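Down below is the structure, laid out as structure tokens.
The values are calculated or read from the model by the stated rules, or taken from the named source; none is laboratory data. From a predicted model like this one, the values you see are computed outputs, not experimental measurements. Using ideal geometry, Cβ is built from the backbone for each residue, glycine included, and neighbour counts are taken over all protein chains shown. Ligands, DNA and RNA are excluded from the accessible area calculation, which covers all protein heavy atoms including side chains. Shrake-Rupley method; radii C 1.70, N 1.55, O 1.52, S 1.80 Å.
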Amino acid sequence: MSSRALRKAQREREEQERAQKLEAEEQEESEEENNVATPAVRKSAFALLGEEEEEEEEDGEDGEVSIRDSHVSDQSTTTTHEVSNSKKKKKKKKKPKATNTIPPPSQDEELDEIDKALKQLSTNGNSSLSGSTHAGIDASTEETGQLLAIDTNHLHSQNEMRHLFGRTALENQDDDAPAPEAANVGGNRRQQRRVQQLGLAEALRRQPGQGGRSSGLTAAALRRNIFIQGKEEWPVAPGGGLVMEIEEKRADGTILYRFTHNRFYQDVQAQFQMAVESMDPQRLVTLLQHNPFHISTLLQVSEIAKQEGDHATSGDLLSRALFSFGRSVHSTFAKTLAAGKARLDFRRMENREFWLASWRYMQNLSRRALWRTVYEWSRLLLSLAPEDDPYGMLWVWDQYALRAREDLDFLNTARSSVFKERVKTLPNVQISQGLAEYRAGNKGKGQQALFSAFGRFPWVVARLMHELDIQPPPGIWGKEPRTDKEKLDCELYATRAKDIWKTPENSALLLEIASALPPDTPPAKIDDTPIEENLARHVLLSDTPALIALIPRRYTTALQSSSDPLPPQD
């Protein structure tokens, strides 16, 4: 039962109590005027039980029975009788006892509406928006929710920038320079490209019928969004038919949500497909001017701006897409997300656009080294589908944690019963655990973990030293991956984690541990598992040709569009 219904039931209960008190007072006044004995009043079963309880308690007291018996015949004891009646009213509030003459009422009759609601909440063991059943909540699901609980404050990049540079730096920041005059257009090709970029950014801020910037979104709309803090210069427009609804409340306490498109949004989606097939970027820009918060168009034009080198406009469009998602979320989504129990089905096309927008937004934030925000977004994508991990966040989540200085949070998650078995064959997670332990202050334990990880995956260390231009020691030299899966894991980690190990302290630690490794150290068991779809999708999203060449050809040939990379077959 909702809080509104509880308050309504409480008001009705208070009104009934007041009506009963007024009735009793009127009855007492009429008794005083007539100066006669109190007539027999029809009483409820609860009142009769209360009187019988009182009689049982007062049987042992001297003089009480005689006063009660003599009251009917002698009118001079009216005052004593009124005092006795007031005592009875107070004692009626007590819980009645069962007697032989009147059967006890059932528990459902005894509890009022509020008590029933409270009992139901305590029986379920969860809040009013829980979808769990009386069977209880799965222990692993509860642990996963605690590990992947999302703090939406860390999803806003402005909060991290304010923490790093201060509030004044944000207030004085102005990424949008004014467009140069037409007479000044000229010079070399780089200057002309800059003019084109400014023209695209300015065109995207305009709406049909407006001569300049829009009047801006309201302050309340900018603050309420859980994903992105909006900008005042963004166009004013409704969501356009994007809505989130609850698909299923599961017995384990998780809630499955889904994004849906209404008929108007589907019409715009058809226009988008026609614009893409025409291969005319100007048609996409025009479509975006009329529908400034259409997700597919925002993602496509963002890629156009990225290819032109305009990363500021590209990031702004990605932020606008996530802002549109945030405006459409269900009223319970934020609370469920904070509990780590919100889920999205990756098989739905509408949901996959959220994954794609989030991933590209993370890559844009990485260019600005906003690692704490990137780390929280990686945890968000992992929490929405922790069992499947459709974007392969486990292959990069550890490096985001180290860059964000979230060593302890990473260690708690990686060593939990939920993820321990899943990450024990991933060299990136095993090596990062040792480095995180070392940086957290447990230097001895960290060195021991690194020694064990280097012995299990020596080819990864050899490849990493090659990236850092360090001569490998005898225990590492010449080690090569044995399968395609091991080679892909090795390249993914060495090429992306080299900046973490480039510092003098970490480079010295790397060389120290690797030099202590005996050449005959037995490596890990051969990992001959096939490259799964989520890892192949992760590689395709990295947009690195050297890594894409390492995945099976069946995945690269199945890539139809960059707007939906490698959709699931089901």
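List of remarks:
- Inverse of mean 1/r across different Cα pairs in the stretch 388-464, Kirkwood, Å: 12.6
- Options GLN307, VAL285, GLN266, ranked by Cα towards positive dipole end of the stretch 251-308, top entry (Cβ charges): GLN266
- Gyration tensor verdict on the stretch 220-297 (Cα atoms; rounded if a/c is under 1.5, prolate if a/b is larger than b/c, oblate otherwise): oblate
- Accessible surface of LEU256 - all protein chains present, 1.4 Å probe, nearest 10 Å²: 10
- Residues GLN158 and ASP528, FRET efficiency given R0 of 30 Å [Cβ-Cβ distance, rounded to 0.05]: 0.05
- Cβ-Cβ distance of LYS445 and GLU17, R₀ of 56 Å, FRET efficiency by 1/(1 + (r/R0)^6): the value works out to about 0.30.
- Using the Stokes-Einstein relation with a Kirkwood hydrodynamic radius computed over Cα pairs, the translational diffusion coefficient of the stretch 388-432 at 25 °C and a viscosity of 0.890 mPa s comes to 231 µm²/s.
- The stretch 404-446, accessible surface, carbon-and-sulfur percent (1.4 angstrom probe): 46
- Projected area, mean over directions - the stretch 418-570, Cα convex hull, nm²: 10.4
- Amide proton proximity set for GLY475, modelled H, under 5 Å, gap of 5+: none
- When each of LYS341/LYS445; LYS231/LYS502; LYS8/LYS231; LYS306/LYS498; LYS443/LYS498; LYS341/LYS420 is checked by Cα-Cα distance, pairs over 30 Å: LYS341/LYS445; LYS231/LYS502; LYS8/LYS231
- Rg followed by Dmax, in Å, when the stretch 453-516 is reduced to its Cα trace: 10.9, 32
- Protection proxy ranking for 551-559, 279-287, 347-355, using the average of other Cβ atoms within 10 Å per residue and placing the highest first: 347-355, 279-287, 551-559.
- Rolling a 1.4 angstrom probe over the protein heavy atoms with all chains in place gives the stretch 248-308 an accessible area of 49 Å² per residue.
- Linear extension gain, ASP409 paired with GLU303, 0.36 nm per residue minus alpha-carbon span: 34.8 nm
- With protein chains left intact and a 1.4 Å probe, residues in the stretch 427-563 average 49 Å² of accessible area per residue.
- Along each principal axis, taking the top coordinate minus the bottom one, the Cα set of the stretch 319-384 gives 32, 25, 21 Å in descending order.
- If you take the alpha carbon atoms of the stretch 230-344 and fit the smallest convex hull around them, that volume is 125 Å³ per residue.
- A DSSP coil position with no more than 12 other Cβ atoms inside 10 Å describes the following trypsin sites (Lys or Arg not before Pro) in the stretch 419-457: LYS424.
- Near the amide H of GLU248, within less than 5 Å, lie the amide hydrogens of LEU256, all on another chain or at least 5 residues away, with H placed in the peptide plane.
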